[in-house]
Amino acid sequence: MTIMSTVSLAQDPRVDFALKICAGGLVLILVQTTLSAVYSLFFHPLRSFPGPPLARISRLWSRLGNFQGRKSERIHEAHRKYGSVVRVGPNELSFADPGAVRAIYNSDVFIKEESFYRAKRIFHEDFLLSYRDPKAHKQRRKLLSRGFSQASMNEFEPNIDTKITAMLDHWTAKTVQGHSIDVFSWVHWLGFDTVYHLMFDVDPGCVKYGRSHEVMPYFYAWKPTYMFKEFLPVLERWGVLVPGYVGNCFRGVNKWKKYAMDIIQDCRATGVNTPFLRQVISSPTGPKDADPGVSLTNSQIAEECMGGMFGGSGTTATTFIYILWGCLQKPEVSRRLQEELRAAFPDRDAVPDYRVCTGLPLLQAVINETLRRYPTIIATLPRTAIQDTVVANVAVPKGTIVGIQNYTIHLNEQAFPNAEEWDPDRWLAKEGEDQRREAWVPFSVGPRKCIGINLAQMELSKLTAAFFRRFDASIDSSMTQDDMRLYDTFNASPASKKLVLHLKQCAD
Ligand code: HEM
């Protein structure tokens, strides 16, 4: 562009008008931001609570933490600096006192916070995790509970055995060839296969064939979508129309939903075998024991199954990865665990029975300690007060968002002395048991606690026992603490997405 045309553009009245509109808009935004900051700092009901300066005036503070995978770390640091009740958003308080856990999550004065849980919807519908209305949630939970009961899991147990055996057989073959193994993807495939099988009555075969399933890219597209939706809620409706990476994520979730609905339709037509689907499908070809009063549409069932997959596959996979990380950094613990397992399970290569696993103190201590030190649901579970109330002796005005994050509560020094250290032996001592139980909440508590706990405990117990019964293992020297940093996106996983091990089959 020449100098002459630049000058004439500057003199164009339309350009002049547009520039004035932009400047006016900017001034308006500035005035509005300043007024809202002044209100937050000097007039807001939470003005007297301490907190990071940016957090006191804007949700940007926590949103930035989200995008860096460090939100829980930042909140934890804020508790260290400002105390046990911190203002982490203009209208949000974080609590670090274990006494506050039940006061919040067992109380009917608090309901799930809207923007956070609305963003967690999968494709335009509510499902168990995202419901805010306690009555609607209770009804849905009742419908799904039997599918997740211990009896249902016992019925499903042989399917877990088959998958664990397939995975460990592949690993055995690699040890014979002398290779190191990055177990990260394998363990995620196992988590995916297990929940997919329970939810959709089909074994997708990732561990059997040692490869990803075709829907996995769509399945993984959901996580970025909920972060985008939290930032910009209109994306829930219009995200699929956005070009590029952002839109691709929304389109991926849409494809996954269609895929899931097709499977449900087939299941209705052909009948189902897994205890979970039997409970939710009530059709002429469905089981006699399905609740006759309630029937869900294919779309609702698909959302529940997809929700179960998001809740249940990465969480157990990540926990097992950290079980390996914890144990293999402490060879003495691994050795004692192997002794316990050898005494309980004479057959090295059979997958251990769950009921026997529940009676093995060190095995259960290892799992508890990993869920404590490396909680996969690491972040705040936000709730909104529907009336004025009191939490841990602190007055909380109606409308305030409150929450507790497992990352902080699980590092409580009174309940867990020397809390940074992964130390399963703390669970074997009688002393301090009540304090530990109060502050240990990896599955949350109250009516919204994890519905998949029976499956998670079964999978983790059997997998950990089968692994340490079969292998002597060590961590590859290339792995660092930074690789294993808990990267927080509501649920956490190792930042490097890898764990490289060397395995050797045990002698007997
Ligand atoms: C180590 C494994 C697991 C951990 C640590 C875990 C943790 C949690 C936590 C903390 C919550 C409460 C979330 C909130 O209030 O926002 C939750 C809810 C939930 N979890 Fe899990 N979970 C695990 C495994 C599973 C499995 C295996 C499934 C299903 C296959 C599952 C399905 C769900 C569902 C559907 C909810 C929503 C429950 C409701 O709102 O009524 N989770 N989980």
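The values are calculated or read from the model by the stated rules, or taken from the named source; none is laboratory data. Because the structure is predicted, anything quoted here is derived from the model rather than measured. Cβ: placed from backbone, ideal geometry, glycine included. Neighbour counts: every protein chain shown. Heavy atoms of the whole protein, side chains included, go into the accessibility calculation; ligands, DNA and RNA do not. Shrake-Rupley method; radii C 1.70, N 1.55, O 1.52, S 1.80 Å.
Some notes on this structure:
- Amide H within-cut-off set for Val88, under 5 Å, with H built and near neighbours excluded: Leu93, Ser94
- As a length-normalised measure over Cα pairs under 8 Å and 6 or more apart, the relative contact order of the chain settles at 20 percent.
- Put a plus charge on the Cβ of each Lys and Arg, a minus charge on the Cβ of each Asp and Glu, and nothing anywhere else: the dipole of the chain about its Cα centre is then about 1220 debye.
- Helix 298-329 vs. the chain, principal-axis angle (Cα, 0 to 90°, nearest 10): 70
- For the pair Arg355 and Glu214, the difference between a 0.36 nm per residue extended length and the Cα-Cα distance amounts to 47.3 nm.
- J(HN,Hα) series, region 168-185, from Karplus relation 6.51 cos²θ - 1.76 cosθ + 1.60, nearest Hz, glycine and proline x: 5, 5, 4, 5, 4, 4, 5, 5, 4, 7, x, 7, 7, 10, 8, 7, 4, 5
- The label point for Thr297 and the one for Arg63, both projected 7 Å from the Cα toward the Cβ, are 3.2 nm apart.
- Ranking of Phe231, Phe345 by solvent-accessible surface, largest first: Phe231, Phe345 (1.4 Å probe, protein heavy atoms only, all chains present).
- Mean accessible surface per residue for region 37-134, computed with a 1.4 Å probe while every protein chain stays in place, in Å²: 43
- Taking the accessible area of region 132-269, probe 1.4 Å, and keeping the other protein chains in place, the carbon and sulfur fraction comes to 58%.
- In the chain, the DSSP beta bridges split such that about 90 percent are antiparallel, to the nearest 5.
- Over 28 Å between alpha carbons, listed pairs Lys330/Lys449; Lys330/Lys430; Lys330/Lys504: Lys330/Lys449
- Database remark: amide H of Ser493 closer than 5 angstrom to the amide H of Tyr487 (H placed geometrically; neighbours at sequence offset of 5 or more, or on other chains; Pro and chain starts carry no H).
- Sparse-neighbourhood loop sites, trypsin sites (Lys or Arg not before Pro) in region 372-441 - DSSP loop, at most 15 other Cβ within 10 angstrom: Lys398, Lys430
- In region 174-237, GluC sites (Glu not before Pro) in a DSSP loop with at most 15 other beta-carbon atoms within 10 Å: Glu214
- For region 157-274, the square roots of the Cα gyration tensor eigenvalues, ordered a ≥ b ≥ c, give a/c of at least 1.5 with a/b no greater than b/c, which places it in the oblate category.
- Helix-only arithmetic for the chain: the sum of -39500 (n - 2.57) across DSSP H runs with n ≥ 4, divided by the residue total, places the mean residue ellipticity at 222 nm at -17500 deg cm²/dmol.
- Couplings 3J(HN,Hα) for region 104-114, derived from phi with the Karplus relation 6.51 cos²θ - 1.76 cosθ + 1.60 (θ = phi - 60°), are 8, 7, 9, 9, 8, 7, 10, 10, 4, 6, 5 Hz, where x marks Gly and Pro.
- With R₀ set to 22 Å, the beta-carbon distance separating Arg336 from Ser444 gives a calculated FRET efficiency near 0.10.
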